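Since every read-out is calculated from the coordinates, none of them should be taken as a lab result. Being a predicted model, the structure only gives us computed values, none of them experimental. All Cβ positions, glycine included, derive from the backbone under ideal geometry; neighbour counts span all protein chains shown.
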Amino acid sequence: MAAEPLLQVSGVSLSLQGSPVLQEVSFSLDQGEIVTIIGPNGAGKTTLIRVVLGALRPDAGTVRLRAGTRIGYVPQRLAVDETLPLTVERFVTLGGRAEARQVREVLAETGTDGLLGKPVQAVSGGEMQRVMLARALLRQPDLLVLDEPVQAVDVLGQYELYDLIAGLRHRHHCGILLVSHDLHLVMAATDRVLCLNHHVCCSGHPDSVSRDPSFLRLFGREGTRRLAVYHHEHDHRHDLHGQVRAEREPDA
């Protein structure tokens, strides 16, 4: 008998300010699996994450987490007031309790143990993403939700951060739901890709897409220079407003 999915999203639809943002989105994620959500700007990726986290209630559909599932969340970015006296150690433990040993362990795992007493305002963008990841790990999550985790990270740091994320899956056997705007090296390690443009255009295993005309229609020729994305077919296209159009216009 197959194990129950860690996360099951079924037929989720949501409109914000009268505009449809998500339309009948469905997917699942298993324990130990990495699912990457890709899509153009305004496709509804972050909105979908907020629905998964329970911060937004869908107009229709359901989000089901396996009983007892603990979630660790890393947002795109976090602004900290410059006047707030907050060290990395204190930031990691905000909203919860943890032993000093546990804090050191998660910081060491993310390569930020040298920042323990440093003010959070003084760390770089890449360091801050790792610190937020350490904070998420402190919850001992079954599911890690990462919303564009390489924001404000240089190219080398992106490669290293994606390697770290892939390693976390194996060490903790947690499921990972990853949102990516850029089609980057992380795609090579993901198990499944969800192509989102308000609805699920397609999903599948990572593969080469450089000669795929459907990918070009959605992402443009810049996409052909990206690394390790996946091959898929669309039976429709989107106009400039994201609305679905038939792949071929009917004959006059």
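Structural remarks
- A count restricted to the range 1-54 and to residues that are over 15 Å from HIS199 (Cα atoms) and among the basic types (Lys, Arg) stands at 1.
- Considering GLY125, GLY72, GLY114, the condition of being under 27 Å from ASP163 (Cβ atoms) and touching a Pro at 6+ places or on another chain (Cβ under 8 Å) is satisfied by GLY72 alone.
One line per residue, one yes/no per condition, for (1) on the phi > 0 side of the Ramachandran plot; (2) under 16 Å from the mean Cα position of the chain (by Cα); (3) among the aliphatic types (A, V, I, L, M); (4) not in a strand (DSSP E or B):
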position	(1), (2), (3), (4)
GLU4	no, no, no, yes
VAL12	no, no, yes, no
VAL25	no, yes, yes, no
ILE37	no, yes, yes, no
LEU48	no, yes, yes, yes
VAL51	no, yes, yes, yes
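- Residues being hydroxyl-bearing (Ser, Thr, Tyr), buried (at least 20 other Cβ atoms within 10 Å of the Cβ), without any contact (Cβ under 8 Å) to a residue 60 or more places away in the chain and not in a loop (DSSP other than H, G, I, E, B) are represented in the range 143-165 by at least one member.
- When residues in the range 21-44 are screened for being over 20 Å from ARG70 (Cβ atoms) and either free of Cβ contacts under 8 Å to residues at least 24 places away in the same chain or in contact with a Gly (Cβ under 9 Å, 6 or more places away or on another chain) (or both), 10 of them pass.
- Screening the range 53-63 for residues that are under 16 Å from the mean Cα position of the chain (by Cα) and part of a loop (DSSP other than H, G, I, E, B) and picking the one that is farthest from GLY11 (Cα to Cα) gives ALA55.
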